[in-house]
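These notes concern the structure reproduced below.
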Amino acid sequence: MELLNFHGYGPSILKGAVLTIEVAVLSLLLALFLGLGAAMAKLSKNRFLNFIATVYTTVIRGVPDLVLMLLIFFGAQIMVNNFSDWLYYSFDIEFFINIDAFVAGICTIGFIFGAYMAETFRGAYLAVDAGQIEAGKAYGMNARQIFIRILFPQMMRHALPGLGNNWMVLLKTTALVSVIGLADMVRLAKEASGAVHEPFKFFIPVAAVYLLITFISEVILKRLETRYSVGVSKP
């Protein structure tokens, strides 16, 4: 029993594992939303949208994740503080927002992987036969119907391998939230190992949790690939 309790740190590390999963899933949803939007912007004929999306994907993919994490968390707080000071001294309005580490972690990871998702979605869109889209227009479908019935299912078939890979990397990137003070399982395991001087006892279970999530993700991704490959012949 003492072995499973981890010197009393077991329950807290378990809570940290739940928080890690929450950060990963919410970051994934944000990344998918930003990625799809950026992909559509890069594929559009609007030069301004294309430029903004190109700058976004280029900058994000060129700056280390840890640097962006620290920059967004601390930099955004400084900007908010300066804005609140300006409101107070200019208009005597008291306004203050304390950026939560949980929100900052989700926004940062989602923002980072939105750039990678954008390239995945863009490549998947270009892989769809343009003739099928023209056929949808010929049948009288509007843009929404073409996207839902023709474009999206085929995009997903091409995008799933890339999306799955991005998800696996995103999952491991959640460990970075520990540097901004969020009590995820990595941070809690580090604190526990420092207290009892038994690092392997705490970090091996953390690695096992990541491997378990990865295994479950592989099963889900395999089923999604099977679903979106229905009717497609394989060599």
Quiz item: For the chain, which longest stretch is free of loop sites, where a loop site is one of the chymotrypsin sites (Phe, Trp or Tyr not before Pro) that DSSP puts outside H, G, I, E and B and that has at most 12 other Cβ atoms within 10 Å?
Solution: 140-235
Self-check item: Lys/Arg +1, Asp/Glu -1 at C-beta; the stretch 41-152 dipole; positive extreme among Ala104, Gln132, Thr120
Solution: Gln132
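How far, in nm, would the chain grow between Asn46 and Ala138 when pulled straight, counting 0.36 nm per residue and subtracting the alpha carbon separation?
Gain on extension, Asn46 to Ala138, equals 30.6 nm.
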Self-check item: Qualifying trypsin sites (Lys or Arg not before Pro) in the stretch 37-105, DSSP loop, other Cβ atoms within 10 Å at most 12
Solution: Lys45
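Can you show me the helix-derived [θ] at 222 nm for the chain, built from DSSP H runs with n ≥ 4 at -39,500 (n - 2.57) apiece and divided by the number of residues, rounded to the nearest 500. Before the final figure, lay out each step's value.
Details: 10 runs with 185 residues, N = 235.
Calculated from helices alone, the mean residue ellipticity at 222 nm is -27000 deg cm²/dmol.
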Quiz item: Of Lys172/Lys201; Lys45/Lys172; Lys42/Lys172; Lys42/Lys190; Lys45/Lys222; Lys15/Lys42, which pairs sit farther than 31 Å apart, going by alpha carbon to alpha carbon?
Solution: Lys45/Lys172; Lys42/Lys190; Lys45/Lys222; Lys15/Lys42
Practice problem: Report the one residue of Leu36, Ile13, Ser84 whose Cα lies farthest in the direction of the positive end of the charge dipole of the stretch 1-102 (charges on C-beta: Lys and Arg +1, Asp and Glu -1; origin at the Cα centre). | Solution: Leu36
Quiz item: Rounded, prolate or oblate: which fits the stretch 17-61, taking a ≥ b ≥ c as square roots of the Cα gyration tensor eigenvalues, rounded meaning a/c under 1.5, else prolate when a/b beats b/c?
Solution: prolate
Quiz item: What helices does the chain hold that run 15 Å or longer along their axis, going by alpha-carbon atoms, with a Kyte-Doolittle average of 0.0 or more, using DSSP H for the helix calls?
Solution: 10-43, 47-62, 65-91, 101-127, 152-173, 185-196, 199-228
Quiz item: For Leu221, Leu188, what's the fewest-to-most ordering of other Cβ within 10 Å of each Cβ?
Solution: Leu221, Leu188
Quiz item: Dipole size in debye (nearest 20) for the stretch 91-230 around its Cα centre, Lys and Arg Cβ +1, Asp and Glu Cβ -1?
Solution: 660 debye
Quiz item: So which GluC sites (Glu not before Pro) in the stretch 69-135 are both in a DSSP loop and have at most 15 other Cβ atoms within 10 Å of their Cβ?
Solution: Glu94
Practice problem: State the label only: which of (i) 117; (ii) 186; (iii) 137 corresponds to volume of the Cα convex hull per residue in Å³ computed from the shown model? | Solution: (ii)
Quiz prompt | the stretch 1-109 shape via C-alpha gyration tensor axes, a/c threshold 1.5 | solution = oblate
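Read-outs throughout are calculated quantities, based only on the coordinates presented, and are distinct from any laboratory measurement. Bear in mind the structure is a predicted one, so any value in this text is a computation, not a measurement. In this analysis, Cβ positions are derived from the backbone assuming ideal geometry, glycine residues included, and neighbour counts consider all displayed protein chains.
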